[in-house]
Every structure is written in structure tokens, then in C-alpha cells.
Amino acid sequence: MSLLIARIRRGCELAAAAMFAAMFCSFIIGVVSRYVFDNPVSWSIEVCSIAYVWIVFFSAATFVTHKQHITFDMLYSSVGAKAKRVFALIAMISLLVVFLAGLPQTLDYIVFVGNKRTLTLHWPLDLVYGCFGIFAVMTIVVAGIRIRKLLGRDWQ
């Protein structure tokens, strides 16, 4: 099972790298067309924006670990192991409850904007905002797993 998870994780990393490459190439094309050929292309900004949003939410949902996220943990770092466990449980339960409560509305909004299109490339907006649905679902799953781990013996 861990080999499967490692391969899925690697695939997600490669997908994020491909999105970053698409964003970078689009940016370079936009700069060259504007400043070299004096003929700006409007689609490059849209591709950069959409790719960036997807990179951030898709990466955070799939392969960025809990310890790699930015945290404000001065208080957490200054307390003992039992208090750290309580803090982590409160944080994960809060995260689970908030994202679970908002999930139906989030998915409903993604479906709602499906018939609307982006301004330049005319891509459906559910494609643009779909990454947040993935992020919300994976946040719920990861919080649930972390809560289970925190309630067990091996919690760090």
C-alpha cells in the first residue's frame, strides 16, 4: 500500500511541476510577445493565474505534508508533549469541522460556476475552481487521519 501511495504522491508532484512549467512558459511567452514583438497576448496572464491557483491548492491538498505548511507555533513549541497533543487535536478537529461544514456549499459553488467561462480563453470556471474542491476534500481526509493518529499512541 505504501508503494501505491508513494507513486500517487510522485504523480501529484509531477502534475504540479507540469503546471509550474506551463505557468512559466506562458509567462515567458507573454513577456517576449509584449517586449520583443510589441504584440501582447492576453491569454498568458490568464494561464499564469489559473496555473498558480491550481499549483497552490493542488499541491497543498496532495503532497505538501503537515510539517511543510507555514505555521505560527511559538506557543505550541514552548509547551510539553501532552499540551502539544491537545493543541494538535483542537486544531485538527476545528479544521475538520469547518471544512466539513463548508464542503457542500463549496462543491455547490463549483458546480454553479460550471456554466460560466473565463474571459480570454473561455475555459469553464468549474475547471478553474475545481482545485479548491480537491483541496477541501483532501483537507478533511488528512485531518481525519491526523485525528486518528493523535488519539493513538504514535502521534508525532
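Could you please let me know if residue 80 is in contact with a strand residue (DSSP E or B) (Cβ under 6 Å, 6 or more places away or on another chain) and of a type outside the set (Ser, Thr, Tyr)?
Details: in contact with a strand residue (DSSP E or B) (Cβ under 6 Å, 6 or more places away or on another chain): no; of a type outside the set (Ser, Thr, Tyr): yes.
No, not satisfied.
Does the range 92-109 include one or more residues that are under 25 Å from residue 45 (Cα atoms) and at pLDDT 90 or above?
Taking the range 92-109 and keeping what is under 25 Å from residue 45 (Cα atoms), we get 109.
Filter once more, keeping what is at pLDDT 90 or above: 109.
Taking every residue of the range 92-109 in turn, at least one turns out to be under 25 Å from residue 45 (Cα atoms) and at pLDDT 90 or above.
Is there any pair with a first residue in the range 76-91 that is farther than 15 Å from residue 149 by Cβ and without any contact (Cβ under 8 Å) to a residue 40 or more places away in the chain and a second that is surrounded by 15 or more Cβ atoms within 10 Å (Cβ to Cβ) and among the basic types (Lys, Arg) whose Cβ atoms are under 7 Å apart and which are 6 or more apart or on different chains, and what are they?
76/84
Being touching a residue at least 60 places away in the same chain (Cβ under 8 Å), surrounded by 11 or more Cβ atoms within 10 Å (Cβ to Cβ) and of a type in the set (S, T, N, Q) narrows it down to one of 62, 71, so name that one.
Working: 71 fails: touching a residue at least 60 places away in the same chain (Cβ under 8 Å).
The conditions single out 62.
Determine whether residue 44 is in contact with a Gly (Cβ under 6 Å, 6 or more places away or on another chain) and either modelled with pLDDT under 80 or polar (S, T, N, Q) (or both).
Yes: the conditions hold for residue 44.
The values are calculated or read from the model by the stated rules, or taken from the named source; none is laboratory data. Predicted model, so just to flag it, every value in this text is computed and none were measured. When we count neighbours, we look across all protein chains shown, and the Cβ atoms used for this are built from the backbone with ideal geometry, even at glycine.
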